[in-house]
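The values are calculated or read from the model by the stated rules, or taken from the named source; none is laboratory data. Since we're looking at a predicted model, the values are computed, not measured. Cβ coordinates were reconstructed from backbone atoms using ideal geometry, including for glycine residues, and neighbour counts include every protein chain displayed.
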Amino acid sequence: MKTSITFAAACLLVITASSLAHHGTSTYDMTREITLSGTVKEWTYENPHSWLWLIAIRDRGTIEEWSIESAPPTYLTRQGWSASTIKAGEELTVLISPLKTEPRRAILLEVKRSNGETLIVRPRGSFGRPASIK
């Protein structure tokens, strides 16, 4: 009996830790989409999530550094991405949804490269992204 209780408690702990470790998109305002243009400072292609740091030029020439969460490499690889898809120094335009609690943090929705190629991370209607924005 004691073993069963210990096993059940361990299972509950693992499930709780897993749900807390992966937040999904609930911390982001998925009803807002912001377009940023700028230069890639860094791109990390690592678990649990890839990250993009972008030096964006905003209204009136204000320069801001944004920390943008992307999808896990396993997902991105299935979409044709790799560690070299985005490079430091590259000029990009990104579509993001901002973090609810911190400025200049966001989740990546789409990337438009200078050659016109668009890379979609979160398609409309999938992964917490609404099918349309009003």
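So which residues in the stretch 82-122 are closer than 20 Å to residue 27 by Cβ, touching a Leu at 6+ places or on another chain (Cβ under 9 Å) and not aliphatic (A, V, I, L, M)? Give the derivation first.
Taking the stretch 82-122 first, the residues closer than 20 Å to residue 27 by Cβ are 94-110, 121-122.
Cutting the leftovers down to touching a Leu at 6+ places or on another chain (Cβ under 9 Å) gives us 94-97, 105-110, 121-122.
Result: 97, 105, 110, 122.
Say we look at the stretch 1-31 and pick out the residues that are under 14 Å from the mean Cα position of the chain (by Cα), part of a loop (DSSP other than H, G, I, E, B) and at pLDDT 90 or above; which of these is surrounded by the most Cβ atoms within 10 Å (Cβ to Cβ)?
Step by step, filter the stretch 1-31, then rank; the result is 30.
Show the residue pairs that are 6+ apart or on different chains and have beta-carbon atoms under 6 Å apart, the first residue being within the stretch 108-119 and over 16 Å from residue 38 (Cβ atoms), the second being among the basic types (Lys, Arg).
Pairs found: 118/112.
Which of (1) free of Cβ contacts under 8 Å to residues at least 12 places away in the same chain; (2) farther than 16 Å from residue 49 by Cα does residue 84 not meet, given it meets every other one?
(2)
Matching residues to (1) in contact with a His (Cβ under 6 Å, 6 or more places away or on another chain); (2) modelled with pLDDT of 95 or more:
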| site | (1), (2) |
| --- | --- |
| 69 | yes, yes |
| 96 | no, yes |
| 106 | no, yes |
| 109 | no, yes |
| 112 | no, yes |
| 115 | no, no |
| 119 | no, no |
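Does residue 103 fit the bill of being closer than 13 Å to residue 34 by Cα, surrounded by fewer than 18 Cβ atoms within 10 Å (Cβ to Cβ), without any contact (Cβ under 8 Å) to a residue 60 or more places away in the chain and not basic (Lys, Arg)?
Criteria met by residue 103.
In the stretch 35-49, what residues are surrounded by 17 or more Cβ atoms within 10 Å (Cβ to Cβ) and assigned to a strand (DSSP E or B)? Steps first, answer last, please.
Applying the first criterion (surrounded by 17 or more Cβ atoms within 10 Å (Cβ to Cβ)) to the stretch 35-49 yields 36, 38, 40, 43, 45, 49.
The answer is 36, 38, 40, 43.
Answer with yes or no whether residue 85 is loosely packed, with under 15 Cβ neighbours inside 10 Å, more than 11 Å from the chain's Cα centre (by Cα) and among the β-branched types (Val, Ile, Thr).
no
Going through the stretch 50-79 one residue at a time, which ones are surrounded by 14 or more Cβ atoms within 10 Å (Cβ to Cβ) and under 17 Å from residue 126 (Cα atoms)?
69, 70, 71, 72, 75, 76 - these are the residues of the stretch 50-79 that are surrounded by 14 or more Cβ atoms within 10 Å (Cβ to Cβ) and under 17 Å from residue 126 (Cα atoms).
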